[in-house]
Structure formats: structure tokens, C-alpha cells
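First up is the structure itself, then whatever we jot down about it.
Rule-based calculations on the coordinates, nothing more; no lab input. Worth saying up front: this structure is predicted, and the values here are computed from it rather than measured. Cβ sites come from the backbone with ideal geometry, for glycine too, and all protein chains shown count toward neighbours.
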Amino acid sequence: MILYTFPSSPFGCKVKSVILACAEEKNITIEEFHPWQPDSFFRELNPLGKIPTLKIDNNESIFDSAVICEYIIEKAKKSSKLMPNRIKSLKIQALIDGMADAAVSIRYERFFRPQHLQCEDWYNRQYLALESGLKYLNSNLKKCTEESLCFENLCIATFLSYIDLRFSDSTFRENYKNIFSWYDQFRKDQPKFEPAMAKDKPVPDNILRLNK
Ligand SMILES: N[C@@H](CCC(=O)N[C@@H](CS)C(=O)NCC(=O)O)C(=O)O
């Protein structure tokens, strides 16, 4: 199987952590693809043109990240271990994915959209979703995480690695100390997930920009 993703994608990082948790590295090759490259083969795999996308065989692919995670976890028979409280796991995933949507939108607005087209009100609404999510995690740390390694911990940790990468000049770490110290401890306790943490990588030269 081939996972198409990019090193900075928070959704892709979540999937990569699940691959490691399920010891599926040998069965899934990671191929870098930036979704803003001109589409060739990629829209055949995912009509939405989004990463991550998992190619299962020549005729089938799976998206989005939530479905890919379910697929890998189920196939590895790790559901009861990684999702001991399934509804809780799915709720935290929904929260984190919503925060990731907001964070990625903020990044796209600033990085891909020409400055004169950027919209402050829209930006602020995304920022509010992101910050409210962090506030929720920070105030409900025990309710949101598990003692042992589980899916929701992977969702939170990989997403916070994206925050560290793209929002390093924010006051999030100072304002939401509980969740960030949990995350720092997670990285110390679980070094095997380091390959899944968000990394910067220059976008390819042939990237499409919104130059209008
Ligand atoms: N709900 C999707 C979101 C994936 C997503 O937004 N990925 C971004 C990269 S981090 C993307 O491919 N963006 C390209 C686009 O929006 O056209 C998932 O969970 O997989």
C-alpha cells in the first residue's frame, strides 16, 4: 500500500502515527505528494485532491484521514487496544480534525492567497476555532487523554507537533501549559512516534498559487 502525504500535513502525521502504533510500516510505503502540485494521477486516487490518501491496490484508494486510520487499525486488529472507549476516541479525533482544518486554512490564507485578497474576519474565525479547541483540551486534559497509548493521544500529539511547527511565534504554549506539558511528556515517553511528527519541507517548485 502507498500513503500519499506531505511531512507537514497534520492529517498525514496522524495517519503515520497510527501506522507506527499498528506496526504496519512494512506494509505501507510513504510517498511525498504536495496537494497543490498540478494534478496528474492524484485526482484519480482522490477526487478531492487532498492528502492523506491511501492507495490500497491498483483499483482502490481510501480517504480521508479518519477513514484511513479506521482501516489500518481494524486491519491490524488493534481496535480494542487503541480505542478502548470508541466514542471518546472519535470525538477527540473530530475535535482535532476540526482544529487542523482551521489551522491549515490559516496557513493557506497567509501562504497561498495574495495579500490583497486575504480576509481578516475569516482568518479570525478560523483562529477562534483553533484557540477554542486548545482551550478545551487544556481545561479537560484528563477527559481528553488516556493513561496508556491510545488513538486520541496520537491525534493530539501529532496535531500539537503541527502547532509547534507553524505557530511557533504564537503564545499558545504559554497560554495552554497543561496540554503542552502533556505533549512534551508524550514525546519523551514515546520516542518511537518521532517519525510521525510534523516536519518542515519546502513546497515543490511547481506548486499552484492563487495569483489573481
Ligand atoms: N478531512 C481531510 C482533510 C485533509 C486536508 O485538508 N489535507 C490538506 C493538507 S494538510 C490538503 O490536502 N489540502 C488540499 C486542498 O484543500 O485542496 C482528512 O482528514 O484527510
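Determine, for Leu45, Leu20, the number of other Cβ atoms within 10 Å of each Cβ, and report the residues in order from fewest to most. It would help to have the intermediate numbers written out before the result.
On the way: Leu45 20, Leu20 16.
Arranged by neighbour count, lowest to highest, Leu45, Leu20 become Leu20, Leu45.
Just how large is the dipole of the chain about the Cα centre, in debye to the nearest 20, putting +1 at every Lys and Arg Cβ and -1 at every Asp and Glu Cβ?
400
How far, in nm, would the chain grow between Thr171 and Val203 when pulled straight, counting 0.36 nm per residue and subtracting the alpha carbon separation?
Working: separation 32, 0.36 × 32 = 11.52 nm, distance 2.62 nm.
8.9 nm is the gain from fully extending Thr171 to Val203.
Out of all DSSP beta bridges with both ends in region 2-78, state the antiparallel percent to the nearest 5. Don't jump to the answer; show the numbers that get you there.
Numbers: 6 of 10 bridges.
The answer is about 60 percent antiparallel.
Going 7 Å from the Cα of Gln185 in the Cα-to-Cβ direction, what parts of region 79-94 have a backbone nitrogen less than 14 Å from that spot?
Under 14 Å, as judged by backbone N against the label point of Gln185, lies no residue of region 79-94.
Cα centroids of region 22-82 and region 154-173: how far apart, whole angstrom?
Each part reduced to its Cα centre gives a spacing of 23 Å.
Going through the cross-link list Lys142/Lys199; Lys75/Lys142; Lys77/Lys142; Lys91/Lys192; Lys55/Lys143, which pairs have a Cα-Cα distance over 31 Å in this structure?
Details: Lys142/Lys199 28 Å; Lys75/Lys142 29 Å; Lys77/Lys142 26 Å; Lys91/Lys192 25 Å; Lys55/Lys143 35 Å.
Pairs exceeding 31 Å: Lys55/Lys143.
Only bridges whose two residues both fall in the chain count here: according to DSSP, what percent of them are antiparallel, nearest 5? Mind showing how you got there, number by number?
Working: 6 of 10 bridges.
Of the beta bridges lying entirely in the chain, close to 60 percent run antiparallel.
How much mean residue ellipticity at 222 nm does the chain get from its helices, if each DSSP H run of length 4 or more adds -39500 (n - 2.57) and you divide by all residues, to the nearest 500 deg cm²/dmol?
Details: 10 runs with 114 residues, N = 212.
Calculated from helices alone, the mean residue ellipticity at 222 nm is -16500 deg cm²/dmol.
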